[in-house]
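Chemist: One structure follows; several queries about it will come next.
The values are calculated or read from the model by the stated rules, or taken from the named source; none is laboratory data. All figures in this text were calculated on a predicted structure; none of them were measured in a lab. Here the Cβ is made from the backbone with ideal geometry for all residues, glycine too, and neighbour counts use every protein chain on show. We work out accessible area using only protein heavy atoms, side chains counted, and drop any ligands, DNA or RNA first. Shrake-Rupley method; radii C 1.70, N 1.55, O 1.52, S 1.80 Å.
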Amino acid sequence: MTQPARTETGFLPGPIILLGAPGVGKGTQAKLLMAKFGIPQISTGDILRDNIARKTELGREAKARMDHGHLVEDEIVNGMVAQRLNAQDTEGGFILDGYPRTTAQASYIERLRCSDEGGDKVSLSLPFVAINIVVDETELLKRITGRRICPSGHIYNIYSNPPKRENVCDVDGSPLEQRTDDTEQAFHKRMDEYRAKTAPVIAYFNDKGHLFRQVDGSQPVEQVSSAIVEMLRHLRGKAQV
């Protein structure tokens, strides 16, 4: 795989887990970390689609479950993640975005460092650092329900970054649309699922003490990024003492 170009050398960020509720900006921050350190962003959605497209054994198993309307089991997702983390481009570190989603997945990914899990093993020179991005739920609701997208992919927010003309893209004049999963009802459903399944992952990593930090995600994007980088430097220094 092609290694992303890095803008900084001399510091290896190692494996990073970005945590936070839907809409906190995990994807945005992952891309900034990719550009700075030249490490890949790894998302379970991308891995799943890739395995299905390549018709791997795990991809076939996942597709069979999805075709029958079932969720893809942890065992299948974990196996795909383990295979992806063994790729050459992860040697200097990587960013997990959207994984782990459950404490069972969190436990699995940590055990990979020191033992074989069903034949899977990942060689990591540094422990995981978990960064939880925190944004008030009222602000998250505005971020998600206010989002509008044009067919070309330009993104606006009617509260924080509105177009010059209502529901019209500033760039190409295309009509703006709201995604079906960006409604208030869908947001509350996603938050309920997040609180039930994923929020406990934050407590799991918080118990790790010095390898966990929280950052205020309501700040401007650049400030959030700078805070995360500073946390990484601090935590990596402590982890190597």
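Chemist: Out of the residues in the range 206-223 that are closer than 21 Å to GLY23 by Cα and touching a helix residue (DSSP H, G or I) at 6+ places or on another chain (Cβ under 7 Å), state the one that is surrounded by the most Cβ atoms within 10 Å (Cβ to Cβ).
Modeler: The residue in question is GLY217.
Chemist: Further question on the same structure: Just one of the numbered conditions (1) of a type outside the set (Phe, Trp, Tyr); (2) surrounded by 16 or more Cβ atoms within 10 Å (Cβ to Cβ); (3) closer than 30 Å to LEU12 by Cα is not true of ILE149; which one?
Modeler: Checking ILE149 against (1) of a type outside the set (Phe, Trp, Tyr); (2) surrounded by 16 or more Cβ atoms within 10 Å (Cβ to Cβ); (3) closer than 30 Å to LEU12 by Cα, the one that fails is (3).
Chemist: With the condition kept exactly as written, say whether any residue in the range 62-71 is among the small types (Gly, Ala, Ser), over 20 Å from PHE205 (Cα atoms), at pLDDT 90 or above and open to solvent by 30 Å² or more (accessible area, probe 1.4 Å).
Modeler: yes
Chemist: Any residue in the range 6-20 that is modelled with pLDDT of 90 or more, crowded, with 17+ Cβ neighbours inside 10 Å and in a helix (DSSP H, G or I)? It would help to see each step written out before you state the result.
Modeler: The initial filter retains those residues of the range 6-20 that are modelled with pLDDT of 90 or more, namely 15-20.
When the remaining residues are screened for being crowded, with 17+ Cβ neighbours inside 10 Å, the result is 15-20.
This time we only want the ones that are in a helix (DSSP H, G or I), so: none.
Checked against the condition, which is being modelled with pLDDT of 90 or more, crowded, with 17+ Cβ neighbours inside 10 Å and in a helix (DSSP H, G or I), the range 6-20 yields no hits at all.
Chemist: Answer yes or no as to whether LYS36 is open to solvent by 40 Å² or more (accessible area, probe 1.4 Å) and within 17 Å of the chain's Cα centre (by Cα). I'd like the intermediate steps shown before the answer.
Modeler: Values: open to solvent by 40 Å² or more (accessible area, probe 1.4 Å): yes; within 17 Å of the chain's Cα centre (by Cα): yes.
Answer is yes for this residue.
Chemist: Here is a follow-up. I'd like to check something: does the range 96-108 contain any residue that is modelled with pLDDT under 95, aliphatic (A, V, I, L, M) and either touching a Lys or Arg at 6+ places or on another chain (Cβ under 7 Å) or open to solvent by 70 Å² or more (accessible area, probe 1.4 Å) (or both)?
Modeler: Looking through the range 96-108, none of the residues is modelled with pLDDT under 95, aliphatic (A, V, I, L, M) and either touching a Lys or Arg at 6+ places or on another chain (Cβ under 7 Å) or open to solvent by 70 Å² or more (accessible area, probe 1.4 Å) (or both).
Chemist: Of the numbered conditions (1) modelled with pLDDT under 90; (2) out of contact with any Leu (no Cβ under 8 Å at 6 or more places or on another chain); (3) buried (at least 16 other Cβ atoms within 10 Å of the Cβ), ILE158 fails exactly one; give the number of that condition.
Modeler: Here ILE158 clears every test but (1).
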